[in-house]
Structures are given as C-alpha cells and as structure tokens.
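Participant: One structure follows; several queries about it will come next.
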Amino acid sequence: MMQQLLNSFSRLCVTNNCLTFSQCMSVKFPTLSLTINTQPQLQQIRCINKLGYLTETGWRNIGNKWLVKFPEEYTVKKLPLMKLAGRDPTTGKKVYGGLGGGHKKKYRWVDNVRSGPKEGPPSVEKILRLQYDPCRSSKIALVAAGDRVRYILASSTMKVGDLISTSGHIPRNAIRPKEGDAHPLGALPVGTEVCCVEKFVGEGASIAVVAGSRALLVRKVGERCILQLPSKQELSLKQECMATVGHLSNEDHNTKHIGSPNRLRWLGFRPRSGLWHRKDGRHGRKIRPLPPIKVLDSRKSDKVIELPLTIKTFF
Amino acid sequence: MRLTAVVYSTHIGNAFRQVWKVQQKRKILEYGVKEKLEAKGLQVVDAVDFLNLKRPVPSILPKLKSQPDEKLIDDFLLPKSLKKDHTHPDWHDEPGHVYHDHCWLLTGLHEAQHISKTFVSNNLPDRITSFKSKLPEEVHKQVQQAILNAHVLDALQVKLPKDIDIKRPGWNYPRVYGLPRWRRNVQLISKMFHTADSTLAGQNIDATQQQFTSQIMIRALLTLEGRPSVFEARQNTLVFGKKPLQPYLDGEVKAEQLSKPLPDIYPLNRTISLHGKNIYRMEHKFPVRQGAPFDRLTMGVFYINKPFIKTSGTQLEARLLLHAFTVAAAHAQQLYGKDVKDLPEPVTINCMQTDSRNFYFACFQLHSLDLDSSKATSNLFWIEDAQPMFTKCDYVDNQPVLEGYNPQVLETLMALYKSQMAAAV
C-alpha cells in the first residue's frame, strides 16, 4: 500500500529541466508534505518508474527494449532492468512490435572501451571468468588488472587465466596480431579478422559486437583503414580506432534451434502471425551492388540543450 | 479487417499531438548571450533556481511551543536511512580498505596470502596430528544425534530463500520452510564443543580452562598500501584460555618456510577485492579486556551464514585465512599496543570455519602486522582440506535421515582442542 502511495506521488518530482503539469497543480493547491519530497534511496531500485527516465541522469533506453539506470561510477554489480516491450518510455507508444514478456533479466555493464598506452609496454589484464549475459548474444569475460575489475566482450579464443594486452601504439610496420589483444587499426596487418571495432576514436566498440561476428581489415589508405563490415559493406575509419583481434565468442548462436514457441516467449518475443512468402516482396533475396564506402571522421557534437516540456495536451 | 466506422473528418487533436511530440523538445541554442551579459557586469541566474521550487516546505503538523524546532511527529512514515555520502557520520575523505564477513576475494587464497603476508602449508602442524586419536563409538553417536537435532529436529521454521537451479532458469521450486543456516551453525558447534568437553572430562582434563564468547564484532585497524584499513569479523565464536598457545614453528625451520616466495597474482593488485570505501569506523574492538581471567585467545570458530553462496576455487580458504588474521591482529593490538608492527611474541591460534556441513580446520601464527613491509612473508598458516561432516541430513519419506557421517571431523576438532588444553596445563 505504501508502495502504491509512493508510486502515485512519484510523478511529482522537479528538476532543473522540466516542470510536470501535476507539479503546476500542486503549487496552486498545496497538499500534504508527504507528496513533495523524493523517495528515499532504498525505494529507487525497487520501483523504477518510466518518468524517472526524464527527471534523473543515468537512465539509458536500450533499443526500446530495456530501461536501465546506470550509477555514476562503473560497477561490476548487476543493474536492475525494466522491460519496455517495444514502447517509447516517454510517450508510452509502441515503437517496435513483437516484444513483450520473457524471463526477468539483470543488466551487466560491459565496458566496450579498450584503451591502451600509446608508448611503452601494453597494459595487461587477466581473464578471471567467462560468463553468460542474458542481454547480449556473445559471452562476456570478467577481466582484472591492478585495482580495476570489469566486464568485456569475450572473443572466441579467450580462456580463463589468459593474459590479454591492450596497446595504443601504431608502429611503422604492422605487428603480428594475437587473438584477444586490442590494438589500433593502424597497427594491424591487412587481412586481419577483427571484432569490437570503434567507429569514432575513444567512443567504444560498436562494430562487430554480436556473437560470432567479425570485420575484415581490407586495405589501408594513408592514415585511414578500410574495414569490411559483417554486412560486406566497406567503411573507412581513422587508424587510431581500437579493435580486438579475432572474432566474438558463441559462434553457433544463430545455428541453435529455438525449439518451441514457449522458448521464444521466454526470450521476450510475442507470438507472430502473418503470411511469409519466402521469395516475394521484402522477404526475397536481393542482389545489388554495394553502396560506396562511408568515411567516418569524428562525431559531430551539437552543444544544444534540449528542454522537454511534458505538459499534457488538453485533447 | 477492423469493423469500426470510418471517420471522415480529421481530429485536430491527433494532429496537434503528433506535432507536439516533436515541438515539445525545445532546443536552446547557445548564442553566447550569458557570457556577453556577464562581461557587462549583469548577473545571469537560471529561472528555476530563481523560483526556488526545491525549497523545504514547512510542515503543517503540530509543533511544541517550548521546542518549535523539534518535530513532534516525523514527516515521513518510513524511517529515513543514512545516505552513503559525506553526510554519513562515519564518512572519511580519504578512502580506506574494509574487509568484512561478506568480502569474497576474486582469486582466492593467493590474494589473501599477499594481503596478510602469509605462507601457507597444506597440512596441519605435527603437534596437532600427534593429538589425533580414535574416539569411542558413543561419542560419535552423540554427535550424530547433535547433527540431526541441529539440521532437522529443531522447531524453528523460517522461510528460506528461493531455491535456484542455474540450468533451469525459469523453474520455480516449491518454497521451503526450514532452519536458517546461522541456527544450524550455532547449535551444531555448541553441541560439538559440549561433547568434546565431556570426553575430555572423562580423560581427567579440566575443560573449564577454555571459555567461549559468541557472535561479537572483532575489529583490527591496520595500514594496507598506505591507506587505513579496517578488518572486521562478526560471525564467530571465540575460545579464550588462561595461557597462550605455544608457536608451532620457531627459529630456523620458520625462517626456511618464510623465505619461500608467494604465488604470483600478476596483473592484479592485492587490494583488488578490498575496494576503497569512504565510510568506515576507526575503532579497535575486542571482546575480552586485558587482565581478565581468560584473556588469551586460543581458537576462533567462523561461520558462513549466507545461503547459496557461489564460491569458486579457494575463496573459502581465503576467507578463513583473513578471518583468522583479523582476530589474531586485534588480539595482538590489544596485547602490544595499537601501532605494533613486529610482535615480540608470536600470537598463535587454531581456527575453524563451517557452514554447518563442510568444515575447514587451520592454524595461524602471527608474527608481524606490517602489511606494507618489504618482506614477502611474515606469518604462517596451516590448513587442511575441507571435510564434509555428512553427505545427507534431511527428511526422507517424513523420517529424519543422516547419511555418510564423517568421524574425522570430530577427531580433528578434538586434536585442536586438546592442544589448547595442553597449553593451559
């Protein structure tokens, strides 16, 4: 009952960024002091509310599938996760269909930045264990060095007890790559299979992060490296972008047969209906030439402050 | 196909709503107005701050006229918990290392060795094995009855945590009511010691020479990697005697053991599992005052009360080592002062760890509390392999059943206990 009470009053939270309509009302008609103050710390993890997504920092909407609140500092502890079932957390409308239900999950914060020293010996980390992650198809590795423990995406040849190194140095001649190590693209020889590649320097891996995927370093042009993506499209990246040598773990993920409709429901997919013509329309095989190479430089940063007004319409 | 009526006129509200979805995100572009105004000496304040909407609203609940600042009735119906930030009474700006009951070291025993600078042997010392002897059947029968009493025949029924099988993730097992682990531990250990006492009394050894404390917080304050470190142990039963235990190894043999190198934990730091925390209490705690009749620590029994712990490798052995170290360090600090580094006389204790089913027996000899010294090892630790007390103790077809009783456990405990008695005599 107390939970419900707090939930109903949780909409009345004020920040610098926006004013909710209900807060406007309460300023005009002052209510009991129970309503105004924020929930105590203990409650925040249990009742995650979608509107907290707008009013506090650290919330991240992952593909309209999950809503996770990230703490300020990186942590290896599992984070509570709220399922969105394809709905947009602000409007509540359905964005993607076919999602809903499924087994409860906890989010493991995987550090997808592998940065190493530009000079001197590479930084070495030890693999403590390889784990299953319900939020992604590949396995994750618990990795430690010095005082820092973190999760990274596990490549296929990683084993417990291995030492993996990360270096930011780009030598004159390409190095002999070892699977599991991370180097900038400029340091690797042409023809290397890489995974967990950064699009923009220092941002973190976004290319080839899915189970079994790999990108191929096709050629080097000056200070740029041309990468063949898993979709066979080519991409021109800066040579300082970090990449992990090898391909990602759990290669037979896409060959595993789901087996039953129940299993698909446990994975969070709602029952599908609709005629599927294997060779017609959008389902048919397409044969097209590849698009031209995309050249990526650095991410455009628009310093624009967005002030969301959440006043409800009168319709 | 939907069988609702076709609507010919457009609903303006729908159009408005769709437009509002985009227009509600007002973009504030930076034109540098604030800097220009401030350069001219004009103050620029955020509108929301100016309105001061986050001001504390005065309570409408009644107040005492004599003490207007005191709240008669607290505004909150729920008790406020202390926030873990600088407003916490135990907050320190300098982060310190804290080791407590629920700390699990990442790599296990090797890390514990590096933290406490200890050399580990895989057998109990010769003096203990010389005390081992076969016990009569009646004694074993008493202990078997004690096991049944502790695990199955106790009247306390508590809702136990959910049973989880990792290989069947969604499966809900029927919820079990049973004895909590702390109760099983306490009952079993107290009965085992009671049996030990009565057996020794039969052999004309005075069992009252050893006295027990129960479930008291022990805290030792040390310096690790230059930072203040707090070592705490809470779930324990300590055994005190009149005289201290004699050290197990001395002189040349000890020096030979200590010269052997420690196992490598590269690239980890030894403090990787003891995270730097800002909230800790710098207060030394030890239950028995110096000068009391039984003020010499001889044995520490540590409990693992948390159910369903996922441990791997040597994490449990590491826990035993660091708990023994904590308790011995607190005792040494009480005897020789808070800042002692190298002890004039080593502190020797026997120790035991149990989760009411598996038993770990060990001996610890503390020589130095200098954890940042250049010496690789200063202390000694002897530990035996884990011994299960039984394989099964449960209700089978509504009958209490005990299977696979291991007499070695009681015999090892008796050997450790006898060695303490010998010291007392």
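Participant: Which condition from (1) away from chain B (no Cβ under 14 Å); (2) within 30 Å of A:Lys118 (Cβ to Cβ) is the one that A:Ser301 breaks?
Facilitator: Evaluating A:Ser301 over (1) away from chain B (no Cβ under 14 Å); (2) within 30 Å of A:Lys118 (Cβ to Cβ) leaves (1) as the failure.
Participant: Right, next: Inside the range A:111-136, can you point out the residues that are under 20 Å from A:Gly204 (Cβ atoms) and at the interface with chain B (Cβ under 10 Å from one of its Cβ atoms)? Before you say what the answer is, go through the steps one by one.
Facilitator: Taking the range A:111-136 and keeping what is under 20 Å from A:Gly204 (Cβ atoms), we get A:111-118, A:122-123, A:125, A:127, A:131, A:133, A:135-136.
Scanning the range A:111-136 gives A:Ser123, A:Glu125.
Participant: Would you point out which residue out of A:Lys159, A:Lys139 is more than 14 Å from chain B (Cβ to nearest Cβ), loosely packed, with under 15 Cβ neighbours inside 10 Å and in contact with a strand residue (DSSP E or B) (Cβ under 8 Å, 6 or more places away or on another chain)?
Facilitator: Details: A:Lys139 fails: loosely packed, with under 15 Cβ neighbours inside 10 Å.
Every option except A:Lys159 fails the conditions.
Participant: So, A:Leu264, is that one more than 14 Å from chain B (Cβ to nearest Cβ) and surrounded by 15 or more Cβ atoms within 10 Å (Cβ to Cβ) or not?
Facilitator: No.
Participant: Considering only the range B:246-279, state which residues are of a type in the set (Phe, Trp, Tyr) and either closer than 25 Å to B:Trp104 by Cβ or outside the structural domain of B:Gln113 (by TED's automatic domain parsing) (or both). Walk me through it before giving the result.
Facilitator: Here is the first cut: in the range B:246-279, the ones of a type in the set (Phe, Trp, Tyr) are B:248, B:266.
Listed by number, the list holds a single entry, B:Tyr266.
Participant: Kindly establish whether B:Phe308 is in the same structural domain as B:Arg219 (by TED's automatic domain parsing) and part of a loop (DSSP other than H, G, I, E, B). Steps first, answer last, please.
Facilitator: On the way: in the same structural domain as B:Arg219 (by TED's automatic domain parsing): yes; part of a loop (DSSP other than H, G, I, E, B): yes.
Considered against the rule, which asks whether it is in the same structural domain as B:Arg219 (by TED's automatic domain parsing) and part of a loop (DSSP other than H, G, I, E, B), B:Phe308 comes out as yes.
Participant: Quick one: in the range B:28-59, of everything that is within 7 Å of chain A (Cβ to nearest Cβ) and farther than 21 Å from A:Glu306 by Cα, which residue is modelled with the highest pLDDT?
Facilitator: B:Val57
Participant: Does A:Thr90 fit the bill of being within 11 Å of another protein chain (Cβ to nearest Cβ), crowded, with 16+ Cβ neighbours inside 10 Å and touching a residue at least 24 places away in the same chain (Cβ under 8 Å)? Don't jump to the end; show me each part of the working.
Facilitator: Details: within 11 Å of another protein chain (Cβ to nearest Cβ): yes; crowded, with 16+ Cβ neighbours inside 10 Å: yes; touching a residue at least 24 places away in the same chain (Cβ under 8 Å): yes.
Yes, satisfied.
Participant: If we scan the range B:1-11, do we find a residue that is at pLDDT below 85, among the β-branched types (Val, Ile, Thr), more than 50 Å from the chain's Cα centre (by Cα) and closer than 28 Å to A:Glu306 by Cβ?
Facilitator: Checked against the condition, which is being at pLDDT below 85, among the β-branched types (Val, Ile, Thr), more than 50 Å from the chain's Cα centre (by Cα) and closer than 28 Å to A:Glu306 by Cβ, the range B:1-11 yields no hits at all.
Participant: Say whether the condition of being in a strand (DSSP E or B) and surrounded by fewer than 18 Cβ atoms within 10 Å (Cβ to Cβ) is met by at least one residue in the range A:203-214.
Facilitator: Yes, some residue in the range A:203-214 is in a strand (DSSP E or B) and surrounded by fewer than 18 Cβ atoms within 10 Å (Cβ to Cβ).
Participant: If you don't mind, there's one more thing I want to ask. Test of understanding: among A:Asp147, A:Asp181, which residue is out of contact with any Phe, Trp or Tyr (no Cβ under 8 Å at 6 or more places or on another chain), acidic (Asp, Glu) and surrounded by 19 or more Cβ atoms within 10 Å (Cβ to Cβ)? First the steps, then the outcome.
Facilitator: Details: A:Asp147 fails: surrounded by 19 or more Cβ atoms within 10 Å (Cβ to Cβ).
Only one candidate passes the filter, namely A:Asp181.
Participant: Sticking with this one: If you check B:Thr348 against the conditions, is it β-branched (Val, Ile, Thr), touching a residue at least 40 places away in the same chain (Cβ under 8 Å), over 18 Å from B:Gln210 (Cα atoms) and in the same structural domain as B:Ile164 (by TED's automatic domain parsing)?
Facilitator: Numbers: β-branched (Val, Ile, Thr): yes; touching a residue at least 40 places away in the same chain (Cβ under 8 Å): yes; over 18 Å from B:Gln210 (Cα atoms): no; in the same structural domain as B:Ile164 (by TED's automatic domain parsing): yes.
When the stated conditions are applied, B:Thr348 does not pass them.
Participant: Residue by residue through the range A:237-255, note down the ones that are of a type in the set (S, T, N, Q) and either crowded, with 18+ Cβ neighbours inside 10 Å or within 22 Å of the chain's Cα centre (by Cα) (or both). Don't jump to the end; show me each part of the working.
Facilitator: Going through the range A:237-255, the residues of a type in the set (S, T, N, Q) turn out to be A:239, A:244, A:249-250, A:254-255.
A:Thr244, A:Ser249, A:Asn250, A:Asn254 - these are the residues of the range A:237-255 that are of a type in the set (S, T, N, Q) and either crowded, with 18+ Cβ neighbours inside 10 Å or within 22 Å of the chain's Cα centre (by Cα) (or both).
The values are calculated or read from the model by the stated rules, or taken from the named source; none is laboratory data. It should be emphasised that the depicted structure is a prediction, and the values quoted were computed from it without experimental measurement. Cβ sites come from the backbone with ideal geometry, for glycine too, and all protein chains shown count toward neighbours.
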